[in-house]
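Input: a single structure, listed below in structure tokens.
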Amino acid sequence: MRRWRMLTGVVLLFGVLLPAQATAADGARVVSETRVDSRTLDLVISSPALGAEAPVRLLLPERYDEEPGRKWPVLYLLHGCCEVQDYKSWTHYTDVEALTENKDVLVVMPSDGKAGMYSKWWNFGLPGGPDWETFHVTELRGILERDYQAGDRRAVAGLSIGGYGALAYAFRHPGMFRAAASYSGIPNTMQFGVPEVIQGILMQQGLNLMALWGNQYVKPDLWRSQNPYDNAEKFRGVGLYVSCGNGKAGPLDPPGKSDWLEPAALSASQSFTNLLSSKGIPVTTSYYGDGTHSWPYWNRALHESWPLLTSSLAL
């Protein structure tokens, strides 16, 4: 596949589909590559963990093609629920391309479906539930490290349920991520009212709300095993950033705008960071007051957390 990466010029700028990669040891494989422009590479991966194909967008370092033997630090950016743009949302709504220009980092933006919750779905104990967690941290990681020059220095950031995902992956896979950032996330899934918010999102997307982790009262152990708050001790040594608004119209909103998701995210975020502080676990917080559950604030948060994320990657 290296011969394809060395192609430059007009051919790569028109979204050419490139030959698929070989199958990985776990059965996951790239079924298509599309070089969107000089830095943007879209993959479609056939995933045994999902039982389906799923897309991933990569932002390549500028010298990626010129240094085929180099291993690059990796920044995962996770999207939220219900995004029309899905895996393209970070490049569609933010200036991440400009922010990472001339930076020696491979940016990975995987799909989480409609609302995959960055989790292995319980599916009532039956086989066949999608396993987004394995897709992201095992299958995709293996493909990136084998075929796309990904190194072993990693950080992760996400918004909304992607903020939850960033923190969940950080504690569920110790040592995988050196830093994790949550923007308007839900790092305490057991906080009062938050389970109902999660279930409402799933129902809104036409998903079975009990197939994720079951009922929180019937299966509390499963919920806690997935909850960053209940696993706070596992964040020691991880660089952490948590930000959230209060849901009222702020400086980046049109007048009169408000929402109901941001207050729930704020409550979950504050309970989590308060617990971290009580345990002496360092965390950088930005509770900026007025501001809604929307992209302008998440783009700003990416910039604010950038020093923490990049220092963890030794950029």
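The values are calculated or read from the model by the stated rules, or taken from the named source; none is laboratory data. Remember, predicted model here, so these are calculated numbers, not experimental data. Don't worry about glycine lacking a Cβ; one is built from the backbone with ideal geometry, like all the others, and counts go over all protein chains shown.
What number of residues within region 272-289 satisfy the criterion of being of a type in the set (Gly, Ala, Ser) and closer than 21 Å to LEU78 by Cβ?
Initially, region 272-289 is screened for residues of a type in the set (Gly, Ala, Ser), giving 277-278, 280, 286, 289.
Those still in the list that are closer than 21 Å to LEU78 by Cβ too: 286.
Residues meeting the conditions: 1.
Here THR292 fulfils each of the conditions (1) outside any helix (DSSP H, G or I); (2) β-branched (Val, Ile, Thr); (3) within 30 Å of PRO73 (Cα to Cα) apart from (3). In the set (1) touching a helix residue (DSSP H, G or I) at 6+ places or on another chain (Cβ under 7 Å); (2) in contact (Cβ under 8 Å) with a residue 60 or more places away in the chain; (3) over 24 Å from VAL84 (Cα atoms), the condition left unmet by ILE281 is number (2).
Residues to consider are VAL44, VAL36, VAL56; find the one that is under 26 Å from GLY175 (Cα atoms), of a type in the set (Val, Ile, Thr) and modelled with pLDDT of 95 or more.
Values: VAL44 fails: under 26 Å from GLY175 (Cα atoms); VAL36 fails: under 26 Å from GLY175 (Cα atoms).
Answer to the check: VAL56.
Residues that are at pLDDT 95 or above, farther than 14 Å from ILE45 by Cβ, surrounded by fewer than 19 Cβ atoms within 10 Å (Cβ to Cβ) and among the aromatic types (Phe, Trp, Tyr) are absent from region 109-120 altogether. Quick check on region 247-282: of everything there that is modelled with pLDDT of 95 or more and among the hydroxyl-bearing types (Ser, Thr, Tyr), which residue is nearest to the chain's Cα centre (by Cα)? Taking the candidates together, the pick is SER269.
Please go through region 166-196 and pick out each residue that is small (Gly, Ala, Ser) and on the phi < 0 side of the Ramachandran plot. ALA166, ALA168, ALA170, ALA179, ALA180, ALA181, SER182, GLY185 - these are the residues of region 166-196 that are small (Gly, Ala, Ser) and on the phi < 0 side of the Ramachandran plot.
Mind listing whichever residues of region 195-251 are surrounded by 15 or more Cβ atoms within 10 Å (Cβ to Cβ), assigned to a loop (DSSP other than H, G, I, E, B) and among the β-branched types (Val, Ile, Thr)? The one that is surrounded by 15 or more Cβ atoms within 10 Å (Cβ to Cβ), assigned to a loop (DSSP other than H, G, I, E, B) and among the β-branched types (Val, Ile, Thr): VAL238.
Return yes or no: is LEU144 in a helix (DSSP H, G or I) and crowded, with 24+ Cβ neighbours inside 10 Å? Criteria not met by LEU144.
Check region 216-223 and report whether any residue there is within 27 Å of THR94 (Cβ to Cβ) and among the hydroxyl-bearing types (Ser, Thr, Tyr). Before you say what the answer is, go through the steps one by one.
Initial filter on region 216-223 (within 27 Å of THR94 (Cβ to Cβ)): none.
No: region 216-223 contains no residue that is within 27 Å of THR94 (Cβ to Cβ) and among the hydroxyl-bearing types (Ser, Thr, Tyr).
Checked against the criterion of being out of contact with any helix residue (DSSP H, G or I) (no Cβ under 7 Å at 6 or more places or on another chain), without any contact (Cβ under 8 Å) to a residue 40 or more places away in the chain, under 19 Å from GLY158 (Cα atoms) and not small (Gly, Ala, Ser), region 68-82 contains not a single residue that satisfies it.
Can you tell me which residues in region 90-106 are in contact (Cβ under 8 Å) with a residue 60 or more places away in the chain and under 17 Å from the mean Cα position of the chain (by Cα)? Within region 90-106, TYR93, THR94, ASP95, VAL96, VAL105 meet the criteria. Quick one: what pairs do we get from region 124-140, first residue farther than 24 Å from LEU75 by Cβ, second in a helix (DSSP H, G or I) and modelled with pLDDT of 95 or more, C-beta under 6 Å, 6+ apart or different chains? Hits for this filter: GLY129/ASN123.
Scanning region 85-102 for residues that are out of contact with any Ser or Thr (no Cβ under 6 Å at 6 or more places or on another chain), crowded, with 19+ Cβ neighbours inside 10 Å and not aliphatic (A, V, I, L, M) yields SER89, TRP90, THR91, THR94, THR100.
Residue by residue, here is whether (1) buried (at least 18 other Cβ atoms within 10 Å of the Cβ); (2) among the charged types (D, E, K, R) holds:
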| residue | (1), (2) |
| --- | --- |
| GLU62 | no, yes |
| GLU83 | yes, yes |
| GLY125 | no, no |
| THR138 | no, no |
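What residue, of PRO254, PRO263, is of a type outside the set (S, T, N, Q), assigned to a helix (DSSP H, G or I), free of Cβ contacts under 8 Å to residues at least 24 places away in the same chain and closer than 23 Å to GLU83 by Cβ? Answer to the check: PRO263.
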